[in-house]
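Only the coordinates and a few stated rules stand behind these numbers; no lab work does. Just so it is clear, the model here is predicted, and its values are computed rather than measured. Positions of Cβ are generated from backbone atoms using ideal geometry, with glycine treated the same way; all protein chains shown enter the neighbour counts.
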Amino acid sequence: MTKFDIPEIRLPQSGDLLFTESGDFWMNACLDWYSDPTELYVVGYKEAADHLIDCVASREGTADSLVFPIVFLYRQYLELRLKELLHAGRRLLDWEEEDTHGHELSSLWPPVRKILEEVWPEGEKQHLVVLDSLFKQFEEVDPGSTTFRYPRDRQGTNSLKLELPRLNLGNLKDVLDGMSTILERASAGIAEYRSNKQDMANEWGAP
C-alpha cells in the first residue's frame, strides 16, 4: 500500500456472524472445556486492564479514553475475586453461605478479611490494614460499579466526581498489582486447603 492508497472500509455484510469460530485457530477462544468459568472471568478482567495500560505506555492508546474501561475492568476483577474468596472461604470453614449479589466493595471486603484472619490467624495483618484503605478509596470513587461504566448517573449528572483532575494509570496498575498479590495468594491457598480437606474426607470416608 502506498501513501496514496485508501484503506478498504469494512461494512456489514450479509451472512456476518458475531459469535463463531474461524480458521486462524490462535484467535479462537475455547468456551467448552471447563465446568466452572469463574477463574477465567476473574483473571480475564485484570489481564485486559493490564494490557490496556501497556497500550497507553507504548503510545498505542489514549489515556483519556482508555481510563474508563481500565478502571471498570480493575473494579470488576476486584469484585469477582472477593466474591470467589467469600464462596471458597465459607466452604472451607463450613460457614453458612450468604448472598453475594451486591456490587459494593465495602460490603464484600470485610467478610473476606474475616475469612483470611480465620484461615491464617498468625498471618501478617498490616497488609490487610492497607487493603482496608484501598478498598475504601475505590468505593469512594466508584461505589456502585457505574462511575467508569456510564458517563452520567440516573439523575443526569456526571458520574465522575474525582477531586483530582488527573489519574496516573501506571500508578494505578502498580497498586492493583499489590492488591492482587494478596488476593491471588489467598485464593490459591484456600483452594489448596480445600483440596487437602477433600482428600482427607475421601480417605477417611472410604470403606
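Some observations on this one:
- Of the three principal axes defined by the Cα atoms of the range 1-63, the extents in descending order read 51, 37, 19 Å.
- Angle between the chain longest axis and helix 126-141 axis [Cα atoms, degrees, rounded to 10]: 40
- What the Cβ-Cβ distance of Arg91 and Phe19 gives, at R0 = 35 Å and to the nearest 0.05, is a FRET efficiency of 0.60.
- Counted without the sites themselves, the longest stretch of the chain free of trypsin sites (Lys or Arg not before Pro) in a DSSP loop having at most 16 other beta carbon atoms within 10 Å is 60-124.
- Cleavage-rule hits (GluC sites (Glu not before Pro)) in the range 24-125: DSSP loop, at most 11 neighbouring Cβ within 10 angstrom: Glu60, Glu96, Glu97, Glu98, Glu122, Glu124
- Reach of Lys125 by Cα under 27 Å, taken over lysines that are not fewer than 8 positions away in the same chain: Lys46, Lys83, Lys114, Lys136, Lys173, Lys197
- Relative contact order of the chain, pairs being alpha-carbon contacts under 8 Å that are 6 or more residues apart, as %: 20
- FRET E, pair Leu167, Tyr193, Förster distance 25 Å, beta-carbon r, rounded to 0.05: 0.10
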